[in-house]
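A quick write-up on the structure given underneath.
Each reported figure results from applying straightforward, stated rules to the coordinates on display, with no laboratory input. The structure presented is a predicted model; accordingly, all values stated were derived computationally and were not measured. Ideal geometry is used to build each Cβ from the backbone, glycine not excepted, and the neighbour counts take in all protein chains shown.
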Amino acid sequence: MAEAGIPRLPSDVTAKMGSWQHGYAFTNGIQLHYVTQGEGELVILLHGFPEFWYSWRHQIPVLAQRFRVVVPDMRGYNDSDKPDHGYDLDTLTQDMRGLLTYFGAKTASVVAHDWGGAIAWHWAQFFPEQIRKLAVLNSPHPACFRREFLSNLDQVRRSWYMFFFQLPWLPEWLLQRDLADWVRRIFQETSVRKSAFTRHDLQLYQEALAKPKVLTSALNYYRQLFNLPTLQNLFLEPMRQILAPTLLIWGEEDFALSRELTEGMDSFFPNGIRKEYIPECGHWAQQEAPQTVNRLLMEFL
C-alpha cells in the first residue's frame, strides 16, 4: 500500500497503531486515501468537517481488535482527490458504496460523525441492504434537522456559519489568513474537554487543511447543501425509514447542534434506535470522550 501523506503522529497514537496501513482506493471516478487496520467484518468510519481520518485515531486500534476498520479521507480532504464537483449527498454516498466494492464487501457497519453522519443517514435510507449497523455521532437525522431548521431559532442561530460558507472565495480567504488560529478555535475553543486536542493534534489538522484545494472542497459540502435540488430533497421529499439497527451518540454540549435535534426520530427506525448522551462533552465526541465512545461502539457493533 502507498505510504505517501502519512502525518507525523504523536507517540501515544503510534504505540496503538500495530498493523495500521495507508492506501488508496479508486471509487466513483476518484481516488480516496484511507487508513485500515484489523481483520473481519468491514467497519467504515466517516469523518466530518473540517477533519480527516485522524479524527478516529482513538477508535481505529480498538475496533480493529474485532473488525477490519477502514477510514477514508472524504472527497476533497487531506490526501484524497479534490475535484471541483461532486459534493452533493448522492455523489458522496456513491463514493462510499464504491469503497465497499473496492474491499470486496457487500455490507458494512458504518460509524460516522458530523458531515460523515449526513452521508451515513443518506446511505442507510437509500441503500439499506448495504448497512449492517449504523452508529452516528453528533449528526442530526435529516428529518430532525429539517424540523428544527424551520422552527427553532436557537438552531438557526447556531447554524450561522452555513450561510456564511455560501459566499464565494471570501470564507477561504478569511480562514487562510490565520489558519492556525482558526484551527485552534474550531477544535479547542468549541470543545468542552480541552485536553482532547494537543498542540500536535492541532498542527496535524492545520497541515491537512493547508493542502491545495482542501478548504474550498470542505466548504463545497455546505455550498452544495443549499442548492435547489438538495433543498427540495431535504425539505419536500418524504423521509425513508432506516432499517439498520442504529446507535446515536451525542455530546450534550455541542456548540453547533442543539439536543432538540435528537428528539422525535424514533418512528424512522422500525428496528430500533439507541441513544446515548455524553455529559460534559462537546461536538467532537470521539475525540473528547474516546473511552466512552469506544465502549459504546464495541458493545453495539
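Of note:
- Here the gap between M298 and Q203, fully extended at 0.36 nm per residue and compared with their Cα-Cα distance, gives a gain of 31.2 nm.
- By the beta-carbon count within 10 Å of each Cβ, the least crowded to most crowded order of E263, E129, fewest first, is E129, E263.
- Percent RCO, i.e. relative contact order, over segment 11-300, from Cα pairs under 8 Å lying at least 6 residues apart: 20 percent
- q = 0.11, 0.22 Å⁻¹: log10 I(q)/I(0) that the Debye formula gives for segment 143-214, counting C-alpha atoms only: -0.39, -1.02
- Extension gain for K213 to R240 (0.36 nm times residue separation, less C-alpha to C-alpha distance): 6.3 nm.
- Exposure proxy shown here: for W123, W115, the number of other Cβ atoms within 10 Å sets the order, fewest to most, as W115, W123.
- For C144, C281, order by how many other beta-carbon atoms lie within 10 Å, fewest first: C144, C281
- Spin-label model, T190 to E263: label points 7 Å out along the Cα-to-beta-carbon direction sit 2.3 nm apart.
- Per-residue ellipticity at 222 nm computed for the chain from its helices equals -11000 deg cm²/dmol, with DSSP H segments shorter than 4 residues left out and the rest contributing -39,500 (n - 2.57).
- N271/S151 FRET efficiency (R0 35 Å; Cβ-Cβ; nearest 0.05): 0.80
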